[in-house]
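The values are calculated or read from the model by the stated rules, or taken from the named source; none is laboratory data. In this text, all values refer to a predicted model and were calculated from it rather than measured experimentally. Every residue, glycine among them, receives a Cβ derived from its backbone with ideal geometry; neighbour counts consider all protein chains shown.
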Amino acid sequence: MFGLVEEQLRLSWEELSNLPQSEVFADMHCVVHWSRFDNHWEGLLATELMKRVKLRPEARHVMVHGENNHTANLPISDFLRPTTIFALRHNGALLTAEHGYPLRLVVPNLYAYKSVKWVRGIEFLDRESPGLWEFNGYHIYGDPFKEQRSSS
C-alpha cells in the first residue's frame, strides 16, 4: 500500500495469507449485460487490511494495480465497504488464473471491471484518476443499478 499513507505497507504472500480471513456472499455484475448471483468469496476484507495502514487525511480515492498495467479506481468509501474483499477463493475453490489467481479484489456494489484481477498494489490518491477501463470509455464510477456502463 502506497501513495497517501503515513508509511508504506508491503506484505509477503505468506503474511497476507495469514491475516484474518472472512466470507462475503454477493452478486457480480458485468457491463456486457450479465450477472452472476450468490457468489461465495473468501479472503481478506479491505477493512481488515486497512487496520494495518494509516491514511493521510487527504486520501479520497484508491487505485488498485494488477498485472499488465491493469488498474481500476474507486472512491475510498467503496473500498471500505464491509463487502469489499481481496478474494483468494470463489465458491469453495481457489481462484483460477482466468479469474484472478492468486488475488482478486471484489467490489460487489460496482461493475466487475472495478474488481481487479491479479492484484499487485494499492495506491491512495487525493483525487479521482481514471484506471485502464475508464481510459477506454467505461464509466468512471460504474454503478450497475444506475446502468453506468460507459462515459458517454
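Regarding region 132-139, can at least one residue be identified that is buried (at least 20 other Cβ atoms within 10 Å of the Cβ) and under 15 Å from residue 45 (Cβ atoms)?
no
With the structure loaded, tell me whether residue 50 is touching a Pro at 6+ places or on another chain (Cβ under 7 Å) and either outside any strand (DSSP E or B) or under 22 Å from residue 147 (Cα atoms) (or both) or whether it fails that test.
Details: touching a Pro at 6+ places or on another chain (Cβ under 7 Å): no; either outside any strand (DSSP E or B) or under 22 Å from residue 147 (Cα atoms) (or both): yes.
Criteria not met by residue 50.
So in region 96-124, with the set limited to residues that are part of a strand (DSSP E or B) and touching a helix residue (DSSP H, G or I) at 6+ places or on another chain (Cβ under 9 Å), which one is farthest from residue 21 (Cα to Cα)?
Step one: list which residues in region 96-124 are part of a strand (DSSP E or B), which gives 104-106, 119-124.
The next check asks that each one be touching a helix residue (DSSP H, G or I) at 6+ places or on another chain (Cβ under 9 Å); those that pass are 105-106, 119-120, 122, 124.
Values: 105: 14, 106: 14, 119: 17, 120: 19, 122: 19, 124: 23 Å.
Here the residue is 124.
Give me the pairs: first residue in region 102-121 and acidic (Asp, Glu) and at pLDDT below 95, second residue in a strand (DSSP E or B) and crowded, with 23+ Cβ neighbours inside 10 Å, beta-carbon distance under 6 Å, and six or more apart or on different chains, which are they?
Final answer for the pair search is none.
Among the listed residues 47, 84, which satisfies the condition of being surrounded by 12 or more Cβ atoms within 10 Å (Cβ to Cβ), closer than 12 Å to residue 115 by Cα and under 12 Å from the mean Cα position of the chain (by Cα)?
Details: 47 fails: closer than 12 Å to residue 115 by Cα.
Answer to the check: 84.
Please work out if residue 117 is within 20 Å of residue 83 (Cβ to Cβ), over 14 Å from the mean Cα position of the chain (by Cα) and not hydroxyl-bearing (Ser, Thr, Tyr). Can you show your working first?
Numbers: within 20 Å of residue 83 (Cβ to Cβ): yes; over 14 Å from the mean Cα position of the chain (by Cα): no; not hydroxyl-bearing (Ser, Thr, Tyr): yes.
Answer is no for this residue.
Which of the residues that make up region 56-80 are in a loop (DSSP other than H, G, I, E, B) and either buried (at least 17 other Cβ atoms within 10 Å of the Cβ) or touching a residue at least 40 places away in the same chain (Cβ under 8 Å) (or both)? Reasoning before the result, please.
Restricting attention to region 56-80, the residues satisfying the condition of being in a loop (DSSP other than H, G, I, E, B) are 56-60, 70, 80.
If the condition is that a residue be in a loop (DSSP other than H, G, I, E, B) and either buried (at least 17 other Cβ atoms within 10 Å of the Cβ) or touching a residue at least 40 places away in the same chain (Cβ under 8 Å) (or both), then 56, 58, 59, 60, 70 are the ones that fit.
Return yes when residue 140 is among the β-branched types (Val, Ile, Thr), touching a residue at least 12 places away in the same chain (Cβ under 8 Å) and either touching an Asp or Glu at 6+ places or on another chain (Cβ under 9 Å) or part of a loop (DSSP other than H, G, I, E, B) (or both) and no when it is not. Step through it out loud before you land on a result.
Details: among the β-branched types (Val, Ile, Thr): yes; touching a residue at least 12 places away in the same chain (Cβ under 8 Å): yes; either touching an Asp or Glu at 6+ places or on another chain (Cβ under 9 Å) or part of a loop (DSSP other than H, G, I, E, B) (or both): yes.
Against the criterion (among the β-branched types (Val, Ile, Thr), touching a residue at least 12 places away in the same chain (Cβ under 8 Å) and either touching an Asp or Glu at 6+ places or on another chain (Cβ under 9 Å) or part of a loop (DSSP other than H, G, I, E, B) (or both)), residue 140 qualifies.
Each row is one residue, and each column tells you yes or no for (1) surrounded by fewer than 16 Cβ atoms within 10 Å (Cβ to Cβ); (2) in contact with a Ser or Thr (Cβ under 8 Å, 6 or more places away or on another chain); (3) on the phi < 0 side of the Ramachandran plot.
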position: 2; (1), (2), (3): yes, no, yes
position: 13; (1), (2), (3): yes, no, yes
position: 26; (1), (2), (3): no, yes, yes
position: 29; (1), (2), (3): no, yes, yes
position: 33; (1), (2), (3): yes, no, no
position: 51; (1), (2), (3): yes, no, yes
position: 54; (1), (2), (3): yes, no, yes
